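Taking it in order: structure first as structure tokens, then the write-up.
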Amino acid sequence: MALFGRSRSSRPSDEELLAQDENPDTVVRPEPAAGEPGVDRPWDRAGDGPYDVSEWRELDGRLDLGALRLPTVQGMQMRLDLDQGANKVVGATLGFGASQLQIQVFAAPRTLSLWDELRPEIARGLVDAGGAAEVVDGVMGKELRARMPGRAPDGGVAFQPARFLGVDGPRWFLRAVVNGPAATDEGQLRPILAFVRQIVVKRGEEPRPPRELLDLTAPAGVLEAAAKQAQARRAAAQKQAVERAAAQAPVLQKPSAAGVVGITPGGGPDGRDQDPERGRHRTEPAPTDAPAAPTRPEFT
């Protein structure tokens with residue numbers, strides 16, 4: 001799969017360029033400079049990615065999530081992030097080994113840089129929460145390298161490294177958050193940055209206020225499968241809760257339930273039979289001379 005379109009050895013002729021100019025659907029991608037961005041030369045968003053859909057309209061094997069078109073990498077795992085209240089997809093979290101990458105895309109002003117506004121706000125929020133953040137120069141411009149506070153297994157505070165990346169595109173802003181070893185290891189970060197640079201954003205033409213999340217859609221069958229998995233997890237958790245409650249319930253040590261409530265098998269507490277309907281004791285009737293009823297009556 002060609003990442004940057006035509007190579008220098010296969011430039012279109014003047015006639016081909018003229019025909020492309022007459023076709024409004026034709027996209028001529030900017031040709032990147034030689035060398036690796038951020039290493040041999042400065043990174044250029046239009047030439048190096050991530051791209052706007054006007055710059056890269058073909059899916060080329062990418063996964064279509066509506067406003068985001070994500071490349072597929074062997075061994076990569078993906079989880080869609082849902083807003084439970086609104087019941088919609090608000091982002092995607094990708095797994096690269098022990099590291100994770102969360103991607104979200106927002107509407108942005110046509111000219112101003114949203115990343116320049118958001119960096120101080122994110123850093124201030126991290127510091128207020130007890131963490132730390134510093135602005136550094138990364139491959140794709142300014143980054144935030146952070147220590148995010150969390151809870152350790154022993155109940156104490158544990159700090160997790162994170163790296164916040166921001167990319168301003170044509171009326172959109174892409175935010176990427178890296179967690180895990182890649183947040184501090186440049187070698188593990190490199191393939192994640194290559195992944196981010198291959199993302200294509202499809203903002204849409206409708207007017208949107210700045211900072212509004214762009215709509216994401218799940219591929220066919222993904223939401224149904226996720227709902228079934230969530231239902232199965234809830235059923236399993238409910239079953240475990242019932243089993244735990246049954247295991248912790250007190251075991252009766254009395255020989256019968258009657259003994260638990262203070263009723264002896266022979267009658268009331270004083271040995272007399274108790275009438276349960278009237279709530280008072282009664283004594284056996286006095287013996288009489290009347291013949292006893294036969295135990296095995298014979299009927300004719």
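The values are calculated or read from the model by the stated rules, or taken from the named source; none is laboratory data. This one's a predicted model, so the numbers in the text were calculated from it and none came from an experiment. So basically every Cβ, Gly included, is an ideal-geometry build from the backbone, and we count neighbours across all protein chains shown. When the accessible area is computed, the model is the full protein with side chains, heavy atoms only, and any ligands, DNA or RNA have been set aside. Shrake-Rupley method; radii C 1.70, N 1.55, O 1.52, S 1.80 Å.
Please tell me if R147 is farther than 14 Å from F96 by Cβ and open to solvent by 40 Å² or more (accessible area, probe 1.4 Å).
yes
Restricting F106, F159 to those that are at pLDDT below 95 and surrounded by 12 or more Cβ atoms within 10 Å (Cβ to Cβ) reduces the list to F159.
Among the candidates E36, E55, E16, E22, the residue that is closer than 23 Å to L174 by Cβ, open to solvent by 20 Å² or more (accessible area, probe 1.4 Å) and at pLDDT below 90 is uniquely E36. What number of residues within segment 134-161 satisfy the criterion of being hydrophobic (A, V, I, L, M, F, W, C), closer than 21 Å to I192 by Cβ and out of contact with any Gly (no Cβ under 9 Å at 6 or more places or on another chain)? Result for segment 134-161: 2.
Would segment 87-94 turn up any residue that is free of Cβ contacts under 8 Å to residues at least 24 places away in the same chain and not aliphatic (A, V, I, L, M)?
Looking through segment 87-94, at least one residue is free of Cβ contacts under 8 Å to residues at least 24 places away in the same chain and not aliphatic (A, V, I, L, M).
Of the strands (runs of 3 or more DSSP E) lying entirely inside segment 34-119, none contains at least 2 residues that are touching a helix residue (DSSP H, G or I) at 6+ places or on another chain (Cβ under 7 Å), under 18 Å from E212 (Cβ atoms) and of a type outside the set (D, E, K, R).
So that you can scan it fast, the table gives a plain yes or no per residue for (1) without any contact (Cβ under 8 Å) to a residue 24 or more places away in the chain; (2) surrounded by 15 or more Cβ atoms within 10 Å (Cβ to Cβ); (3) within 21 Å of S99 (Cβ to Cβ):
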residue	(1), (2), (3)
E143	yes, yes, yes
D154	yes, no, no
L165	no, yes, yes
F173	no, yes, no
A182	no, yes, yes
G187	yes, no, yes
F195	no, yes, yes
K202	no, yes, no
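Among the residues making up segment 109-141, those that are under 24 Å from the mean Cα position of the chain (by Cα), farther than 17 Å from T184 by Cα and surrounded by 15 or more Cβ atoms within 10 Å (Cβ to Cβ) are W115, L118, R119, I122, A123, L126. For R175, the stated conditions do not hold, so it cannot be described as of a type outside the set (S, T, Y) and at positive phi. A count restricted to segment 185-244 and to residues that are modelled with pLDDT under 90 and in contact with a strand residue (DSSP E or B) (Cβ under 9 Å, 6 or more places away or on another chain) stands at 6.
When segment 153-208 is filtered for residues that are part of a strand (DSSP E or B), of a type in the set (G, A, S) and under 21 Å from M76 (Cβ atoms), the ones remaining, listed by number, are A162, A176.
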